[in-house]
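For reference, the structure discussed in these notes is given below.
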Amino acid sequence: MKILDRYLLKTFLITFASVFVILFFIFILQTIWLFIAELAGKDLDITMIIKFLLFSMPRIVPLVLPLSILLASIMTFGNLAENYEFAAMKSSGISLQRALRGLTIFIFVLSIIAFFFANNVIPFAEYKFINFRKNIAQVKPALAITEGQFSNVGIYNIKVNKKSGENGNALTGITIHKKSSMGDGSKTVIKAKNGELISSEESSILKLVLNNGNYYEDVIPKKYEDRLKLPFAKSSFKKYTINIDLSQLNKPEANEENVSNTNTMLTVNELNYTLDSLQKNMKTELVSFSENISLQTGITNLVNTNNKKNIPKKDSISKLKDIPKNILSIFNNTEKKNILTSASSNLLSIGYNIDASKLNLENKQKTINNHYLAFYDKFVIAIACFIMFFIGAPLGAIIRKGGLGLPIVFAVLIFISFHFINTFGKRISQEDGLSPFLGAWMSSFILAPLAIFLTYRATNDIGLINMDLITAPLQKILKKLFQKQK
């Protein structure tokens, strides 16, 4: 490696590392802010918080890496141009293409690493991250309940005065409000002196064993006038066990779609296998649906050229010709009513069946689209690194400004455009308004010409905007005006 390549690579790496760390820290703070409700007030120890952050870090890389490359390349080449180092290179016969050669190889290697990271590390971390969020209370059930305040646990609101024991499973001063499943306004209150939480990592059921308490329940009389008496039932117990289903506990509310879909947890090979299964399943369901509709409507293929056995005989054809156009005229009024009622009922049933099947097939298609998007995303991040570099490096050489001023403005504008187009394309593809391929690659297809355009202008020492195209016509107009006045 020549001295120039080492110098450019060292300068770029220092800037890139600094920018990457700063942006990574900013996005980590954003992640903490998004999930602060799951972390705050649950007595999480430092180990669990570190695990939470470690599992959430890899999903940030696809956002931070292209932006870091873009900003680092603008700053690096902007500094070189601002300090006339590019002028010195060009005077020595070194073109911009030659200067970019070493960094292009580095970006190529970085793109391959980014692909393998997106294909192997991110799915594993996503799996761990989602399961960690969903099973916080299952791994450590006492975390679901906070001292001195009501905690929402399934269909119960639980308040305890004090938690003790090694894992905080021993509870003292328990008050429980049970939510009404009937929606009739009835209330159930359970109070106990102490209790214990019992759980298992293999089971999603949390057992709450209560000792020495009372059970109060509103009684809703059928007669309205009796309700004014506010009757209730009271019972006491020495031991009472409540089973709480934790499957819905800690269910992420901010991003339910990502949790319900498992496509982000799969590698390229696994996505290929899953997509093949999903498409076969959908084709089978389409065939089954069409056959069921044919049977319900009574539509049959009377003439099948591929099977001569199905060709109707001449006698049957002549009988069909004898049927009157108004077929109902051969029935009496009672029979007509029954036939029309039956037909209307069948038609309504078929309509409901079609609507339900249509919704089911649309959901299946959305699932397939999401898997395709996850498949293409692993390649998009690698290409995005290239595009951002070939936008940032020529742009820095053109604007001739380094530092954290103008480069940040350009980098933020370009990256926001990239991210917006990428998100927009994915949303349309998810709703089946656009093919997943175009939706995933839309941002790359739009910004690739910009990279080619900037590289061409920087290579030929042309500014970002050719002002002569604007000023030359204006100068001609002004000259004509002055000549007329004279």
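The values are calculated or read from the model by the stated rules, or taken from the named source; none is laboratory data. Just so it is clear, the model here is predicted, and its values are computed rather than measured. So basically every Cβ, Gly included, is an ideal-geometry build from the backbone, and we count neighbours across all protein chains shown. Accessible surface areas use protein heavy atoms only, side chains included; no ligands, DNA or RNA. Shrake-Rupley method; radii C 1.70, N 1.55, O 1.52, S 1.80 Å.
Every listed requirement among (1) in a helix (DSSP H, G or I); (2) within 22 Å of T455 (Cβ to Cβ) is met by Y372 save one, (2).
Given the criterion open to solvent by 60 Å² or more (accessible area, probe 1.4 Å) and either modelled with pLDDT of 80 or more or part of a helix (DSSP H, G or I) (or both), identify the matching residue among K366, K325. Give the derivation first.
Details: K325 fails: either modelled with pLDDT of 80 or more or part of a helix (DSSP H, G or I) (or both).
One residue alone meets the criteria, K366.
Quick one: in segment 229-246, of everything that is modelled with pLDDT of 60 or more and outside any strand (DSSP E or B), which residue is farthest from K178 (Cα to Cα)? The residue in question is K229.
Residues that are open to solvent by 30 Å² or more (accessible area, probe 1.4 Å), over 10 Å from N370 (Cα atoms) and in contact with a Gly (Cβ under 9 Å, 6 or more places away or on another chain) within segment 420-429 comprise F424, I428, listed in sequence order.
Remark: T341 falls outside the filter, which requires a residue to be assigned to a helix (DSSP H, G or I) and either within 25 Å of the chain's Cα centre (by Cα) or at positive phi (or both). So which residues in segment 377-404 are over 16 Å from T104 (Cα atoms) and open to solvent by 40 Å² or more (accessible area, probe 1.4 Å), if there are any at all? D377, F379, R400, K401, L404, listed by residue number.
Taking the stated definitions as given, is I339 at pLDDT 75 or above and either open to solvent by less than 60 Å² (accessible area, probe 1.4 Å) or touching a Lys or Arg at 6+ places or on another chain (Cβ under 6 Å) (or both)? So I339 does not fit the description; no.
If you filter segment 264-285 down to residues that are within 22 Å of S357 (Cβ to Cβ) and either of a type outside the set (K, R) or touching a residue at least 40 places away in the same chain (Cβ under 8 Å) (or both), you find that the one that is most open to solvent (accessible area, probe 1.4 Å) is T284. Cβ separations smaller than 6 Å between residues 6+ apart or across chains give the following pairs from segment 95-106 residues that are more than 15 Å from D461 (Cα to Cα) to residues that are at pLDDT below 85: G102/D5.
Screening D432 on (1) assigned to a helix (DSSP H, G or I); (2) surrounded by fewer than 19 Cβ atoms within 10 Å (Cβ to Cβ) shows it passes everything except condition (1).
Applying the set (1) in contact (Cβ under 8 Å) with a residue 24 or more places away in the chain; (2) surrounded by fewer than 16 Cβ atoms within 10 Å (Cβ to Cβ) to N460 leaves exactly one unmet item: (1). Scanning segment 198-216 for residues that are open to solvent by less than 80 Å² (accessible area, probe 1.4 Å) and modelled with pLDDT under 80 gives I198, S199, S200, S203, S204, I205, L206. Quick check, is I408 open to solvent by less than 80 Å² (accessible area, probe 1.4 Å), free of Cβ contacts under 8 Å to residues at least 60 places away in the same chain and either in a helix (DSSP H, G or I) or not polar (S, T, N, Q) (or both)? So I408 does not fit the description; no.
Where residues in segment 463-476 are open to solvent by 100 Å² or more (accessible area, probe 1.4 Å) and among the hydrophobic types (A, V, I, L, M, F, W, C), which of them is modelled with the highest pLDDT? Talk me through it step by step, then tell me what you get.
First, pick out the residues of segment 463-476 that are open to solvent by 100 Å² or more (accessible area, probe 1.4 Å): 465, 467-469, 475-476.
Checking which are among the hydrophobic types (A, V, I, L, M, F, W, C) leaves us with 465, 467, 469.
On the way: I465: 59, M467: 48, L469: 54.
So, considering only residues that are open to solvent by 100 Å² or more (accessible area, probe 1.4 Å) and among the hydrophobic types (A, V, I, L, M, F, W, C), the one modelled with the highest pLDDT is I465.
This table checks each residue for (1) within 30 Å of K364 (Cα to Cα); (2) more than 14 Å from the chain's Cα centre (by Cα); (3) not charged (D, E, K, R).
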position	(1), (2), (3)
G392	no, yes, yes
I408	no, yes, yes
N422	yes, no, yes
G425	yes, no, yes
L434	yes, yes, yes
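Among the residues examined, S443 qualifies as open to solvent by less than 30 Å² (accessible area, probe 1.4 Å) and either modelled with pLDDT of 85 or more or part of a helix (DSSP H, G or I) (or both). For segment 13-131, the helices (runs of 4 or more DSSP H) that sit wholly inside it and include 3 or more residues that are surrounded by 14 or more Cβ atoms within 10 Å (Cβ to Cβ) are 46-56, 61-82, 85-91, 96-116.
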